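Report on the structure given below.
The values are calculated or read from the model by the stated rules, or taken from the named source; none is laboratory data. Here the structure is a predicted model, which is why all the values come from computation and not from measurement. Positions of Cβ are generated from backbone atoms using ideal geometry, with glycine treated the same way; all protein chains shown enter the neighbour counts. Ligands, DNA and RNA are excluded from the accessible area calculation, which covers all protein heavy atoms including side chains. Shrake-Rupley method; radii C 1.70, N 1.55, O 1.52, S 1.80 Å.
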Amino acid sequence: MRTLTGIQPSGTLHIGNYFGAMQPAIQAQTRGDCFYFIADYHSMTSLTDAAERRKNSRDVALDWLACGLDPAKSVFWQQSDVPQVCELSWILGTLTPMGLLERAHSYKDKIAKGISPNFGLFAYPVLMAADILLFNSNRVPVGRDQKQHVEMTRDIAIKFNQTYGETFVVPESEIREGVATVPGLDGQKMSKSYGNVLEIFGDEKALRKKIMSIVMDSRTPQEPKPDADRNIAIQLLKLVAPAAVAADFENRLRAGGLGYGDLKQALFEHYWQFFAEFRAKRAELAADPGYVDRVLAEGAERARTVAAEVLGRARSASGLA
Ligand code: ADP
Ligand code: TRP
């Protein structure tokens with residue numbers, strides 16, 4: 001059973017990334033082999049500042065390692081260190097119907113937001129399919145927004161297998177209910193591009209301020225709130241506090257008598273506590289700048305070995321040299 005996922009170095013990682021993709025990926029280390037990478041080629045579709053990409057890639061690597069990615073259990077690399085993925089992307093692109101790409105929600109959303117599309121953005125799901133298929137992946141932990149991309153990967157793998165013979169493993173997405181879409185400070189999906197995130201490794205004062213500024217309604221503390229489960233602070237508390245504590249706050253909010261200020265204060269404290277160990281680990285790792293380089297270099301080496309074998313099969317199946 002092989003688990004694979006990637007995260008773009010397009011900004012600071014937030015708890016949507018953590019609960020949607022990283023936590024399941026890290027937990028998967030106990031049940032099989034794991035392949036995780038920093039999707040720097042993908043980030044080129046939205047970020048054109050080279051220095052920023054370089055810095056983000058390093059930060060994302062540190063974040064993953066601090067959150068528990070163990071290089072003894074997982075292969076961890078930077079996507080562009082294994083350029084074979086671009087060749088596979090070309091091969092898969094020749095079997096990908098235009099209509100399939102035109103239906104991609106994430107592409108359509110970006111266009112709707114006024115981003116002027118380039119070919120890379122349109123072809124994004126093909127590169128993502130190549131990422132997944134190049135490593136014989138079985139499971140792909142992601143948030144709900146990526147479900148369609150994994151389905152497209154399945155369609156493309158099946159099409160290749162039918163056209164050129166059994167070559168690729170057909171993967172499945174792993175999407176956890178409850179964390180499939182972590183809400184942001186404004187109640188929309190938490191996302192780097194919406195400016196509504198809580199960073200995993202944010203500054204204490206700034207995080208407290210963000211949490212205290214989550215907008216609530218104008219009902220008085222005494223009023224019962226039958227919709228307590230839809231409250232953003234409650235939803236976030238369920239992620240970072242022990243289940244019994246979160247349930248207690250939810251019940252108190254529903255019954256009436258709990259003020260929003262007290263609820264947000266509790267959310268901040270549990271949030272800060274939840275990531276405390278990871279923060280300490282990150283500080284320790286950051287003190288040895290050579291460490292990340294060594295981990296990624298070794299990971300790239302191991303990733304290239306698998307990539308060469310699978311790409312070789314795809315080339316030979318499709319009649320390339
Ligand atoms: P962003 O939307 O902030 O740019 P990415 O697209 O880089 O995040 O997502 C990286 C991973 O984190 C993907 O697997 C994605 O599904 C997951 N993810 C991102 N935001 C959320 C969220 N709010 N809830 C759950 N998972 C998320
Ligand atoms: N598209 C993913 C995102 O924006 C990142 C990604 C790239 C990915 N390649 C992948 C995720 C392969 C899982 C598997 O979040």
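For the chain, the relative contact order works out to 23 percent when only alpha carbon pairs closer than 8 Å and six or more residues apart are counted.
Across the options Ala241, Thr220, Gly202, the greatest Cα extent toward the positive end of the charge dipole of region 202-274 (unit charges at beta carbon of Lys, Arg, Asp, Glu) belongs to Gly202.
What you get for region 35-118, charging only the Cβ of Lys and Arg (+1) and of Asp and Glu (-1), is a dipole of about 200 debye around the Cα centre.
Can you give the accessible area per residue of the chain, in Å², using a 1.4 Å probe? Kindly include the intermediate steps, with their values, before the conclusion.
Numbers: 14740 Å² over 321 residues.
Accessible area per residue: 46 Å².
Computed from Cα positions, the angle between helix 147-164 and the longest principal axis of the chain comes to roughly 10 degrees. The apolar share of the surface of the chain, taken as the fraction of accessible area on carbon and sulfur atoms (1.4 Å probe, ligands and nucleic acids excluded), comes to 53 percent.
At what distance in angstrom do the alpha carbon centres of region 21-92 and region 133-176 lie from each other? That distance is 17 Å. Label region 93-243 by shape, choosing from rounded, prolate and oblate, from the square roots a ≥ b ≥ c of the eigenvalues of the Cα gyration tensor; if a/c is under 1.5 it is rounded, and otherwise prolate applies when a/b is larger than b/c, oblate when it is not. Prolate is the answer for region 93-243, as a/c is 1.5 or above and a/b outweighs b/c. The charge dipole of the chain, taken about the Cα centre with unit charges on the Cβ atoms of Lys, Arg (+1) and Asp, Glu (-1), comes to about 340 debye, rounded to the nearest 20. Between His42, Val182, Ala308, the Cα set farthest toward the positive side of the dipole of the chain (charges on each charged residue's Cβ, about the Cα centre) is that of Val182. Here Phe35 sits with roughly 10 square angstrom of accessible surface, probe radius 1.4 Å. List the pairs from Lys73/Lys281; Lys113/Lys225; Lys147/Lys205; Lys110/Lys225 whose alpha-carbon separation is above 29 Å, in the order I gave them. Result: Lys113/Lys225; Lys147/Lys205; Lys110/Lys225 exceed 29 Å. Along region 132-143 the Karplus relation, 6.51 cos²θ - 1.76 cosθ + 1.60 evaluated at θ = phi - 60°, assigns HN-Hα couplings of 6, 6, 5, 10, 6, 6, 9, 10, 10, x, 8, x Hz to successive residues, with x for each Gly and Pro. Here the Karplus relation 6.51 cos²θ - 1.76 cosθ + 1.60, evaluated at θ = phi - 60°, turns the backbone of region 26-37 into coupling constants of 5, 5, 5, 4, 8, 10, x, 8, 10, 10, 10, 9 Hz, with x for every Gly and Pro.
With +1 on each Lys and Arg Cβ and -1 on each Asp and Glu Cβ, how big is the dipole of region 202-274 about its Cα centre, in debye rounded to the nearest 20? Please report the intermediate quantities before stating the final value.
Numbers: 11 positive and 10 negative charges, 30 e Å.
Magnitude of the dipole: close to 140 debye.
Of the residues Phe135, Ala286, Val75, the one whose Cα sits farthest towards the positive end of the charge dipole of the chain is Phe135 (charges of +1 on Lys and Arg Cβ, -1 on Asp and Glu Cβ, taken about the Cα centre).
In terms of overall dimensions, the C-alpha atoms belonging to the chain reach 74, 46, 38 Å along their principal axes, ordered largest to smallest. Restricting the calculation to Cα atoms, region 202-274 shows an Rg/Rh of 0.95 when the hydrodynamic-style radius is the Kirkwood one.
For region 191-320, a/c is not less than 1.5, where a ≥ b ≥ c are the root eigenvalues of the C-alpha gyration tensor, and a/b tops b/c. That puts it in the prolate class. Ordered by solvent-accessible area of protein heavy atoms (1.4 Å probe), largest first, the residues Val306, Val82, Val170 come out as Val170, Val306, Val82.
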